[in-house]
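Before I ask anything, here is the structure I am working with.
The values are calculated or read from the model by the stated rules, or taken from the named source; none is laboratory data. Remember, predicted model here, so these are calculated numbers, not experimental data. Reconstructed Cβ throughout: ideal geometry from the backbone, glycine too, with neighbour counts over all protein chains shown. These area figures cover heavy atoms from the full protein model, side chains too; ligands, DNA and RNA do not enter into them. Shrake-Rupley method; radii C 1.70, N 1.55, O 1.52, S 1.80 Å.
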Amino acid sequence: MKTMDTMLTVLLWTSTLPATGQALYRIGILHQGTSNLDVKNLTVGEYTSTLLWFGVDMLEPFQLQKAVNNFETHHTPDVIIVLNDEHHEAVDTSLLYARTPLIQWGRRPPFSPKHVEEDVIEGQDLCDPLYEATSRQTAPYCYTDAQLDNLKQQVNNNTLIMKEIVVRVPLVVSNIIVKALKWQSVFIFYDISTSQDVRDLVDDLSNNAVKVITFNVDQIEDITDVLLRAYNTIKSAESHINFAVLCRYNCIRRVLNKANKFDQENGKMKSLLKMFSRWLVAAYEHNFDTIETMTSCASNIDNLAVIAFPEITPSTSIKESLNTTLTSFFNDMIIDEKLYTSAKDVESANSSAQRTENLIKLLHKDSSTWYRESKCAALRIDTLMWTPDGRGFSHVGYVKHQRYNDTNHWSLADIAILSDVFPNIHFAYNKRQFLVSTLHYEPFVIKTVENGTSKYGGICMDLLKELAKNLNFTYNLTEPDDQKWGSTEDMINPQFNGLIGQLQREEVDIVAADISIQKEREMVMDFMFPFFYGSTSVVIKKPDPNRRKWRTLVDPFKGEVLAFIGVVLLAASVIGFLFERFNPFYCDPDNARLRSETYGLHTIHDAFWYMYGALLSQGGVNLPESNAGRTFVSCWWLFCIVIVATYCGNLIAFLAVSKEPLPFNTLEEMAKFKDEYKWGIQAGTNWEVVFKTSKRKEFRAIGDAWIEFNKTDPDVTSTDFNVHMAKVKEGYYGWIGDTVVIEMAMDKDCDLLMIKERFLPIKYAFGFTNNSPHAQIFSKQMLSMLESGLIQVWKRRWWPKSKVICPGSVVTVAKPISVVDVQSAFYVAGGGAVLGLLAFLMELLVVRVQKYFKSKHPTSTRSSNDPVRVNYQDI
């Protein structure tokens with residue numbers, strides 16, 4: 001069994017060239033009719049060919065095969081032509097077997113041009129797979145003469161208008177793809193009825209270096225899978241997938257219906273086929289009634305253009321077209337014969353075989369006599385646009401007519417593109433509406449309620465508005481019910497609450513708030529490029545500066561310095577005593593007497609008071625007489641000068657500047673104050689997760705204490721920032737949060753201070769559902785906005801410089817010293833008076849005790865070696 005395509009390669013059998021006036025070829029022609037043979041001669045000039053016309057029932061394959069066998073057995077034709085009749089169904093010659101070349105003449109496309117008129121069920125979706133009715137018969141969808149005249153004035157085209165146009169779909173589509181759209185690759189959908197057109201289109205596109213992948217819709221079980229594979233070829237957000245659809249009405253409806261629902265049904269891998277695809281539809285037998293269906297099937301596709309091709313009709317009678325082809329061929333032979341030389345008879349056999357082959361090729365070439373014709377001035381090229389009333393088609397060009405070029409090949413005579421075929425590409429999201437969730441958190445999101453209506457401001461809202469403007473989308477704002485940002489207890493299978501939970505459950509499209517990028521969150525959502533970088537710290541109430549004023553005389557030195565000074569004072573007293581008490585210099589009686597008269601350092605009592613007096617710049621009256629003693633005392637004076645000068649300088653500073661140091665400046669220090677201080681963290685935030693799960697010792701210590709505080713004080717986990725600030729202002733409470741928010745609070749309240757340590761760097765970005773294709777698009781736009789400086793402008797708007805000047809922060813005049821500032825001096829004076837009184841009483845007591853013992857022991861002797869000491873005691 002040989003098909004028609006196989007027969008093109010069969011070695012043709014031909015007869016030798018007859019003499020002039022004899023039969024040139026024997027051509028067998030099978031046609032619809034009765035079973036009889038009609039022999040006719042076709043004479044052109046000096047040449048005559050025999051045409052064997054045989055009528056047969058064309059719908060019976062057995063009768064056709066029998067007729068072919070009869071031709072080959074009794075008539076030995078050079079070629080057998082199976083003649084179609086335009087009034088009957090197309091003949092299937094694929095099952096016929098013949099040794100002779102077999103050509104199906106007037107080959108009709110395998111689908112009928114007739115429309116099936118069926119009623120549309122009210123409320124039924126025209127793209128529903130169960131709805132199989134084609135469009136009802138209406139007027140052709142093309143331009144009239146008046147409409148075309150108006151269009152030509154727009155492009156200054158004054159060519160004549162043909163009353164009838166003949167178009168070849170492959171050539172029209174190829175010219176638009178290559179010249180107008182300049183596509184480098186394309187996916188083509190077709191069905192069995194348009195397979196020949198698609199083969200011609202593929203050949204033409206390949207010659208123009210366009211990559212082509214074709215899909216036969218009749219053989220595809222799952223179009224969605226094909227679309228998914230095509231979508232996966234996108235390499236970046238700037239890429240577009242190009243589709244061409246050449247098939248019947250129901251086939252077009254089936255393909256567009258799947259493409260229209262692709263993004264909604266493709267849950268596992270988020271996609272934006274509607275935005276990243278361009279569709280060029282060759283609508284066979286398109287008319288006005290199909291526009292409604294096309295709009296319904298592509299309601300969710302941004303970029304779709306339609307070329308409305310007319311219905312299929314035979315250009316001329318099939319029999320007449322065969323006679324015309326044969327006559328034209330024989331006329332060409334006559335012209336060629338006149339050019340032959342005398343050596344013609346030498347190669348007559350070869351010339352005859354070659355001419356027979358040329359005839360068969362010509363018959364194959366002209367065998368398809370059906371063309372797409374319409375009583376129109378031009379065919380329309382429309383694109384599906386977004387309008388205030390919904391989707392609608394807009395005219396962007398037309399196809400006028402085609403003609404042969406100089407090489408007898410079809411060439412496009414007139415395609416006019418009046419505007420962009422896919423204008424929606426330039427409008428990004430084309431007013432797509434997003435559901436956006438947010439939360440109040442100054443200065444990023446500022447929520448105000450006016451007359452029961454919530455209004456939002458802040459840098460996040462400015463950013464969202466700018467993105468909506470540049471990317472051409474709209475949005476509705478909402479908030480999570482639990483008013484949390486997003487945290488989870490389970491790190492293995494996280495189920496987040498708050499804003500992150502909304503994205504995880506795909507309840508919203510975007511989160512426009514100060515969401516910090518976190519590894520655990522990226523498991524269930526996507527982030528765009530961050531718009532803000534910050535850090536975390538702790539805010540507490542400023543300590544009362546008068547609370548420690550009673551320590552003014554002690555605070556210039558740290559406790560360890562005072563302790564070292566006390567130790568050194570005692571050590572110096574002992575060393576001075578030893579130098580003076582056991583120095584050989586005082587073995588001389590005169591030196592010893594002098595030492596006794598001047599109250600030297602040879603007693604521990606005198607040595608201590610001398611060293612102590614020198615430390616207070618009030619040293620003893622008499623210096624040691626020995627060289628060792630004087631050397632030591634001079635060094636002690638140098639020590640005292642340094643200590644006293646340092647002390648005095650710090651004391652002046654403490655009196656001039658009233659600044660109370662913070663009780664702690666790091667998290668590690670703060671953890672040690674958990675008995676005195678409490679601290680809070682907003683529940684449902686990134687900080688909650690970090691302090692609960694971190695492996696860093698200081699973080700876990702803070703987190704464990706916070707959990708413990710929550711058992712007795714639920715406010716430490718409040719999601720309301722104002723609750724935490726109220727507790728901070730009460731004192732002995734710290735709030736862990738964003739440094740920017742803390743700085744804003746400090747600008748409004750001079751009683752707040754931030755510790756020095758900065759920890760947990762944070763990056764804020766908008767959030768999207770997991771595997772969202774929008775994140776990359778928004779990130780690209782975000783980078784452009786950062787480069788333009790818009791973020792800095794918004795920061796200056798929402799981070800204004802503080803106009804509040806805290807008392808004492810700027811000193812322009814000398815500060816008078818108050819009693820509170822020097823109260824410690826009064827405390828020391830009073831303490832000295834009390835100590836002096838106690839010493840006085842002790843001395844009185846000692847004297848009375850000595851007198852009492854003296855009266856009891858009057859004969860007690862005194863030391864002869866120390867008369868002065870005896871006199872001193874008597875005194």
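Table: residues versus (1) open to solvent by 60 Å² or more (accessible area, probe 1.4 Å); (2) under 23 Å from Pro761 (Cβ atoms); (3) modelled with pLDDT under 90.
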{"position": "Cys460", "(1), (2), (3)": "no, yes, no"}
{"position": "Leu463", "(1), (2), (3)": "no, yes, no"}
{"position": "Leu471", "(1), (2), (3)": "no, no, no"}
{"position": "Pro480", "(1), (2), (3)": "no, no, no"}
{"position": "Glu489", "(1), (2), (3)": "yes, no, yes"}
{"position": "Leu499", "(1), (2), (3)": "no, yes, no"}
{"position": "Gln502", "(1), (2), (3)": "no, no, no"}
{"position": "Arg505", "(1), (2), (3)": "yes, no, no"}
{"position": "Lys519", "(1), (2), (3)": "yes, yes, yes"}
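For the stretch 475-496, which residues satisfy the criterion of being assigned to a loop (DSSP other than H, G, I, E, B) and among the hydrophobic types (A, V, I, L, M, F, W, C)?
Quick first cut of the stretch 475-496, residues assigned to a loop (DSSP other than H, G, I, E, B) only: 479-496.
Trp485, Met491, Ile492, Phe496, listed by residue number.
Also: Please indicate, with yes or no, whether at least one residue in the stretch 731-739 is surrounded by 16 or more Cβ atoms within 10 Å (Cβ to Cβ) and part of a helix (DSSP H, G or I).
Yes, some residue in the stretch 731-739 is surrounded by 16 or more Cβ atoms within 10 Å (Cβ to Cβ) and part of a helix (DSSP H, G or I).
Out of all the residues in the stretch 497-518, which are part of a loop (DSSP other than H, G, I, E, B) and within 10 Å of Ser437 (Cα to Cα)?
Within the stretch 497-518, Glu507, Val508, Asp509 qualify.
So, one more: Condition test on Ser15, is it open to solvent by less than 10 Å² (accessible area, probe 1.4 Å) and either among the small types (Gly, Ala, Ser) or modelled with pLDDT under 85 (or both)?
It is false that Ser15 is open to solvent by less than 10 Å² (accessible area, probe 1.4 Å) and either among the small types (Gly, Ala, Ser) or modelled with pLDDT under 85 (or both).
Could you check the stretch 394-426 and list, in sequence order, the residues that are modelled with pLDDT of 75 or more and open to solvent by 40 Å² or more (accessible area, probe 1.4 Å)?
Scanning the stretch 394-426 gives Ser394, His395, Ile415, Ile417, Leu418, Ser419, Asp420, Ile425, His426.
Now a separate question. For the stretch 56-74, give me the residue count where each residue is touching a strand residue (DSSP E or B) at 6+ places or on another chain (Cβ under 7 Å) and either surrounded by fewer than 17 Cβ atoms within 10 Å (Cβ to Cβ) or among the β-branched types (Val, Ile, Thr) (or both).
From the stretch 56-74, those touching a strand residue (DSSP E or B) at 6+ places or on another chain (Cβ under 7 Å) are 56, 58, 63-64, 67-68, 71; that's our starting set.
Subset that is either surrounded by fewer than 17 Cβ atoms within 10 Å (Cβ to Cβ) or among the β-branched types (Val, Ile, Thr) (or both): 56, 63, 68.
Final tally of qualifying residues: 3.
Sticking with this structure for a sec: Please go through the stretch 722-740 and pick out each residue that is in contact with a His (Cβ under 9 Å, 6 or more places away or on another chain) and hydroxyl-bearing (Ser, Thr, Tyr).
Result: Tyr733, single match.
Looking at the stretch 432-448, which of the residues that are open to solvent by less than 10 Å² (accessible area, probe 1.4 Å), in a loop (DSSP other than H, G, I, E, B) and of a type outside the set (Ser, Thr, Tyr) is farthest from Gly486 (Cα to Cα)?
Pro443
Further, regarding this structure: Within the stretch 586-608, take every residue that is of a type in the set (Phe, Trp, Tyr) and modelled with pLDDT under 65 and give me the one that is farthest from Val633 (Cα to Cα).
Tyr586
I'm checking my understanding of the structure. Among residues of the stretch 187-199 that are open to solvent by less than 70 Å² (accessible area, probe 1.4 Å) and farther than 18 Å from Lys258 by Cα, which one is modelled with the lowest pLDDT?
Only one residue tops the list, namely Ser193.
Residues are listed down the side, and each one gets a yes or a no for (1) β-branched (Val, Ile, Thr); (2) surrounded by fewer than 18 Cβ atoms within 10 Å (Cβ to Cβ); (3) closer than 25 Å to Lys519 by Cβ:
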{"residue": "Ala645", "(1), (2), (3)": "no, yes, no"}
{"residue": "Cys648", "(1), (2), (3)": "no, yes, no"}
{"residue": "Pro663", "(1), (2), (3)": "no, yes, no"}
{"residue": "Glu668", "(1), (2), (3)": "no, yes, yes"}
{"residue": "Ala683", "(1), (2), (3)": "no, no, yes"}
{"residue": "Trp706", "(1), (2), (3)": "no, no, yes"}
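How many residues, within the stretch 449-458, are outside any strand (DSSP E or B) and surrounded by fewer than 17 Cβ atoms within 10 Å (Cβ to Cβ)?
2
Six or more apart or on different chains, Cβ atoms under 7 Å: show the pairs whose first residue is in the stretch 457-480 and in contact (Cβ under 8 Å) with a residue 12 or more places away in the chain and closer than 11 Å to Asn430 by Cα and whose second is in a helix (DSSP H, G or I) and aromatic (Phe, Trp, Tyr).
Listed by first residue and then by second, the contacts come to Asn472/Phe427.
Oh, and also: Considering only the stretch 227-244, I want to know if a residue exists there that is farther than 28 Å from Tyr429 by Cα, of a type in the set (Val, Ile, Thr) and open to solvent by 10 Å² or more (accessible area, probe 1.4 Å).
No, there is no match, as no residue in the stretch 227-244 is farther than 28 Å from Tyr429 by Cα, of a type in the set (Val, Ile, Thr) and open to solvent by 10 Å² or more (accessible area, probe 1.4 Å).
For the stretch 207-217, which positions are loosely packed, with under 12 Cβ neighbours inside 10 Å and either assigned to a helix (DSSP H, G or I) or over 35 Å from the mean Cα position of the chain (by Cα) (or both)?
The answer is Asn207, and nothing else.
If Ala378 satisfies all but one of (1) open to solvent by 10 Å² or more (accessible area, probe 1.4 Å); (2) modelled with pLDDT of 75 or more; (3) among the small types (Gly, Ala, Ser), what's the number of the condition it fails?
(1)
So, of the residues in the stretch 250-280 that are free of Cβ contacts under 8 Å to residues at least 40 places away in the same chain and assigned to a helix (DSSP H, G or I), which turns out to be most open to solvent (accessible area, probe 1.4 Å)?
Only one residue tops the list, namely Gln264.
Is it true that Lys756 is modelled with pLDDT of 85 or more, open to solvent by 80 Å² or more (accessible area, probe 1.4 Å), basic (Lys, Arg) and assigned to a helix (DSSP H, G or I)?
no
Additional query: When the residues of the stretch 525-554 are filtered to those that are open to solvent by less than 70 Å² (accessible area, probe 1.4 Å) and of a type in the set (S, T, N, Q), which remaining residue is modelled with the lowest pLDDT?
Filtering the stretch 525-554 for residues that are open to solvent by less than 70 Å² (accessible area, probe 1.4 Å) and of a type in the set (S, T, N, Q), the one modelled with the lowest pLDDT comes out as Thr552.
Would you mind finding the one in Phe673, Phe699 that is of a type in the set (A, V, I, L, M, F, W, C) and open to solvent by 40 Å² or more (accessible area, probe 1.4 Å)? Spell out the reasoning first.
Numbers: Phe699 fails: open to solvent by 40 Å² or more (accessible area, probe 1.4 Å).
Phe673 is the lone residue from the list that is of a type in the set (A, V, I, L, M, F, W, C) and open to solvent by 40 Å² or more (accessible area, probe 1.4 Å).
Being farther than 27 Å from Tyr764 by Cβ and either over 19 Å from the mean Cα position of the chain (by Cα) or polar (S, T, N, Q) (or both) is the filter here, so list the residues in the stretch 420-449 that pass it.
Listed by number, the residues that qualify are Asp420, Val421, Phe422, Pro423, Asn424, Asn430.
Quick one: how many residues across the stretch 282-319 are at pLDDT below 70, surrounded by 23 or more Cβ atoms within 10 Å (Cβ to Cβ) and among the β-branched types (Val, Ile, Thr)?
So the answer is 1.
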